[in-house]
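What follows is a single structure, written as structure tokens, with notes after it.
Nothing in this text is a laboratory measurement; each read-out follows from the coordinates by a stated rule. A quick note: this is a predicted structure, and the numbers were derived from the prediction, not measured. No Cβ is skipped: glycine too gets one built from the backbone with ideal geometry, and neighbour counts run over all protein chains shown.
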Amino acid sequence: MIESLLNYNIVGIGLALTMLIIGSVTDIWKREIHDYYWIIFGSAGFLLVFINSDILPHLLNIGVALIIAPFVIFIWRIGLFGGADAFALIALAVIAPMATFSENPVTPFTSLSNTAILFVIPFFVNVLRNFISIAKHEDIFDGFEESKLKKICAMLIGYKAKNPKFCFSIEKTEKGKKKINLTVHHAENEEYCTTPNTWITPGIPYLLLITGGFIMQLLFGDLLLSFL
């Protein structure tokens, strides 16, 4: 039974990593993943349960892990991330429910909470980009009449892009004057910005962060819970 459980976990983790890595590459390249992709992997993960003689405990484990489903669907519907990201977390709950090699605790929300930790990385990248531009004596706020607070916020969430790609505009024009627009952009309904020399916020491929969050779960468990 122990050997069977071990095989189930290893195969599930391998399948989950395969799904996330291929999905991340596709997300970076095309920024679009068909729903069938997650259905296929999720179904394969569900069928893995039946390689064990003791099926019920694994089904219960999946049921507990799927507590995350309504939460991520809600986040998707309000536009904080895309449908692919929500479906990835749901499929992950089916394929490798709360899997870890660590002795630290995990919950149905561990992959998501670890992802949230990695979410700070884009802020550092944006600030670095902006400081490099300032060091080159570029006037990144040329034509803007905004407070220092708004400018600091803009430098955290975005940068001035010469040729935007897979980005959302965070500038607008009011009465002939440039303004910083800090409203939340819906991850799926908003159009990508193509206007040159525009302040933008990157359309972050969250699936890449989710992959990192899952790897952190495997190695270290739930970092936030461990810290607390």
What is the extension gain from Leu224 to Lys179, computed as 0.36 nm multiplied by their sequence separation minus the C-alpha to C-alpha distance, in nm to one decimal?
-> 12.5 nm
Taking K and R as +1 and D and E as -1, what net charge do the other residues with C-beta under 13 Å from the C-beta of Gly23 add up to?
-> -2
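Counting pairs of Cα atoms in segment 54-163, how many percent are more than 22 Å apart? Please report the intermediate quantities before stating the final value.
Numbers: 3140 of 5995 pairs.
In whole percent, the share of Cα-Cα pairs in segment 54-163 beyond 22 Å is 52.
How do 90-99, 205-214, 163-172 rank on mean C-beta neighbours within 10 Å, highest first? Intermediate values should be presented prior to the final figure.
On the way: 90-99: 24.5, 205-214: 23.0, 163-172: 17.6.
The packing order, highest mean first, is 90-99, 205-214, 163-172.
Sort the following peptides by mean Cβ neighbour count (other Cβ atoms within 10 Å, averaged over residues), highest first: 49-58, 11-20, 69-78. Write out the running numbers ahead of the final one.
Working: 49-58: 12.7, 11-20: 19.0, 69-78: 14.3.
Result, highest mean Cβ count within 10 Å first: 11-20, 69-78, 49-58.
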Counting helices only, and only those DSSP H runs with n ≥ 4, report the 222 nm mean residue ellipticity of the chain as the sum of -39,500 (n - 2.57) divided by its residues, in deg cm²/dmol to the nearest 500.
-> -18000 deg cm²/dmol
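First check a/c for segment 121-202, with a ≥ b ≥ c the square roots of the eigenvalues of its C-alpha gyration tensor; if it is under 1.5, answer rounded, and if not, answer prolate when a/b is larger than b/c or oblate otherwise.
On the way: a/c = 1.44, a/b = 1.12, b/c = 1.29.
It is rounded, given that a/c, with a ≥ b ≥ c, falls under 1.5.
Counting Lys and Arg as +1 and Asp and Glu as -1, what is the net charge of the other residues whose Cβ lies under 13 Å from the Cβ of Arg77? Walk me through the numbers on the way to the answer.
Values: positive: none; negative: Asp85, Glu188.
Spelling it out: positives minus negatives among the neighbours equals -2.
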Net charge of Cβ neighbours under 13 Å - reference Phe144; Lys, Arg +1; Asp, Glu -1 = +2
Per DSSP, the loop-located GluC sites (Glu not before Pro) within segment 1-108 having at most 11 other beta carbons within 10 Å are Glu32, Glu103
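What Kirkwood hydrodynamic radius, in Å, does segment 1-93 give when the mean of 1/r is taken over all pairs of distinct Cα atoms and then inverted? Present the calculation step by step, with values, prior to reporting the outcome.
On the way: mean 1/r = 0.0708 Å⁻¹.
It works out to 14.1 Å.
List the equivalent ellipsoid semi-axes of the chain in whole Å, largest first, each obtained as the square root of 5λ for an eigenvalue λ of the Cα gyration tensor.
Working: eigenvalues 328, 61, 40 Å².
One finds semi-axes of 41, 17, 14 Å for the chain.
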